Amino acid sequence: MGVEPEEWRAPARQLLTLRRLEIATPALVIVVVLGIAGALSGSAGAWAAAGAVVVIAALSWRFVERRYGSWGYAERGDDLLVRRGVMFARLSVVPYGRMQFIDVTAGPLERAFGLATVRLHTAAAATDARIPGLQREEAARLRDRLAELGEAQAAGL
Amino acid sequence: MSAGPPEGWQRLHPLSPVVRGGRATIAIGFLLVPIAFGGDTFSNATPQLVIITVLALGGFVSWLVTRWRIDDDDLRIETGLLRRQSLRYPLAQVQAIDVVRPGLARMFRVAELRLRMAGATGGTARLAYVAEHEVEPLRDELLALARGARRGDSVPGEEDAAIAPEKEILTVVATGPLVASIILESGWLIAILGGLIVGFVVSPGTVSGVLGGSGFVWLLSMATVLWRRFNQQYRLTVAEGADGLHLRGGLVALTAEVIRPGRVQALRLVEPVLWRPLGWCRLEVDIAGRQKKKGEGEAQRGRLRTLLPVGKRAVAIALVDRLVPDRPRELSPPPRRVIWKSPLRYRALGWGRTETYVATTSGRLRRVTCWVPLEKAQSLRQVQGPVQRRLQLASVHVDTAGRAVHATLRDRDAAEAAEALAKLTDLARAARRKPALS
């Protein structure tokens, strides 16, 4: 017996693209700069550093994929489940009746990809239920649905 | 009732600025002494007189612009001369009401009323100061309004007879153990005093040098901390009444607090390592409130109320039984392999549950036992770190709206944790549906 639902919903694929881009762009810039420096000075150090950056970027790339895969959420009858984390695997159960308010935020990069982050707050500070990388329509739908369910099941402190 | 006509705004007690000034008032008193008795002429004392006049005027203005009233179900306070503030405190969200009387306030026969509010942004409503004879009726009226009574209903009648402060005293802390426990818990104090004594024997000159310098100031601040604790917890009495849990105590500064029924978020029993040979422990309650911010000290946190500053374990457990009627009796230990992850904590870990409560224990040196009503659980979390994954373990957290106490089922078998998470979710849902009393 567990809380595992039949189906986890995942954030949009664009989130993975965004995260990959966040790694690839700086890595590419650094490698190009180091490459130019290496070509001009002919020192092996610059080439070695460029190689190291490539290796680190490749590892991060892999990690980001795994982390993307770990995100999931599921709406059940009375509560919302959110799971995340590769190193520290977390699974949160937040009853709708306990939600105090819901945030929807979108940073500039997220906006460029049409994404938003939904965050749930309860009266406990330790609650960390956050779902990043939702399509904007999905984020709005989730927000409205959670607000509605929260109101229907609200329980006092 | 003392609160006057329903539509009327009220002022605070006229002596409020004097009492609120606290130490400043005493300092002013000292400033006045040489003027009154010394050979100083008034022309010499002009700067002092100017300062005193400005302070007195400021205090008077702040008193003049502050007013409060009780609306149907909230308390409103308006204050500020230039930046006018209108504060509204919904009484339904009151978690507890304190009556605080510092030494100076007792001299002037006034008292401060503090309403502790719930919610992430809710602070504390303060009425400082109200005349001493008005404060208790006012508190009872606020409590009655918070319970949902209508204003004006509170004429003595059947209902009042039911609520009448028929209090039953549960525990009173003894003074001797309180002093001993404060000293014992501050292990550093023993270390420093021991160090000083040894130092004094070895080389008296050095020690008096240290004491004469900054060391003295430091000792004084330490003494203040210890004194504050003693002052707060002196003869702390816990009583149970129909309108909630009553705590009162204090030596110079008196505090009386009423925690509304069903507002207890968690109970915690702490056994510091140096107390354990004596079989002593401390019992604290947690109520909902603003969460601790970074940089906030113990003093501002203040939400964790001590029910029993020190007492025999049996006494504390009796109190727990009273407050947690459905207490989990048996706690199950974690699997043996936890010894690889938490070799020190291993023996102290455990958890148990009934239909309405979760109990957890932790801590090798400072043993802590928590009881959390499932009705108060805000969310549940299952966390598995890298080491735990290797050992097939996981932890389950029960988050509450309290400030300091969170029950954690630490290092359980992964399957057991998943099962506990599901079971506790179901139980918490059921408990929310039919609220039990704390």
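The values are calculated or read from the model by the stated rules, or taken from the named source; none is laboratory data. Predicted model, so just to flag it, every value in this text is computed and none were measured. Cβ atoms come from the backbone with ideal geometry, glycine included; neighbour counts cover every protein chain shown.
Results, tabulated for the structure shown:
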read-out	value
Spans of strands (runs of 3 or more DSSP E) in the stretch B:336-438 with at least 1 residues free of Cβ contacts under 8 Å to residues at least 24 places away in the same chain and more than 9 Å from chain A (Cβ to nearest Cβ)	B:350-353, B:393-399
Test set (1) more than 25 Å from B:Leu247 (Cβ to Cβ); (2) within 30 Å of the chain's Cα centre (by Cα); (3) modelled with pLDDT of 90 or more; (4) not acidic (Asp, Glu) - B:Arg345 fails condition number	(3)
Answer from A:Gly38, A:Gly77 - the residue that is over 26 Å from A:Asp144 (Cα atoms) and free of Cβ contacts under 8 Å to residues at least 24 places away in the same chain	A:Gly38
Single unsatisfied condition, A:Asp128 versus (1) of a type outside the set (Phe, Trp, Tyr); (2) more than 25 Å from B:Leu421 (Cβ to Cβ); (3) within 10 Å of chain B (Cβ to nearest Cβ)	(2)
Strands (runs of 3 or more DSSP E) fully within the stretch B:89-189 counting 1 or more residues that are of a type in the set (S, T, N, Q), surrounded by 15 or more Cβ atoms within 10 Å (Cβ to Cβ) and at pLDDT below 85	B:94-101, B:124-131, B:168-172
Strands (runs of 3 or more DSSP E) completely within the stretch B:205-289 that count 1 or more residues being among the β-branched types (Val, Ile, Thr)	B:237-241, B:254-259, B:264-271, B:280-287
Selection count where residues are among the β-branched types (Val, Ile, Thr) and either in the same structural domain as B:Lys312 (by TED's automatic domain parsing) or over 20 Å from B:Gly279 (Cα atoms) (or both), scope the stretch B:180-197	2
Residues located in the stretch A:1-50, provided they are outside any helix (DSSP H, G or I) and away from every other protein chain (no Cβ under 14 Å)	A:Glu6, A:Glu7, A:Trp8, A:Arg9, A:Ala10, A:Pro11, A:Ala12, A:Gly42, A:Ser43
First in the stretch B:30-59 and more than 25 Å from B:Leu15 (Cα to Cα), second anywhere and surrounded by 11 or more Cβ atoms within 10 Å (Cβ to Cβ) and modelled with pLDDT of 75 or more, Cβ under 9 Å, 6 or more apart	B:Phe42/B:Leu49
Residue that is modelled with the lowest pLDDT, among those in the stretch B:10-40 that are loosely packed, with under 12 Cβ neighbours inside 10 Å and in a loop (DSSP other than H, G, I, E, B)	B:Gly39
Number of positions in the stretch A:87-123 that are within 14 Å of another protein chain (Cβ to nearest Cβ), touching a residue at least 12 places away in the same chain (Cβ under 8 Å), in contact with a strand residue (DSSP E or B) (Cβ under 7 Å, 6 or more places away or on another chain) and not in a strand (DSSP E or B)	3
Subset tally (residues that are under 13 Å from B:Arg126 (Cβ atoms) and exposed (fewer than 15 other Cβ atoms within 10 Å of the Cβ)) for the stretch B:50-86	1
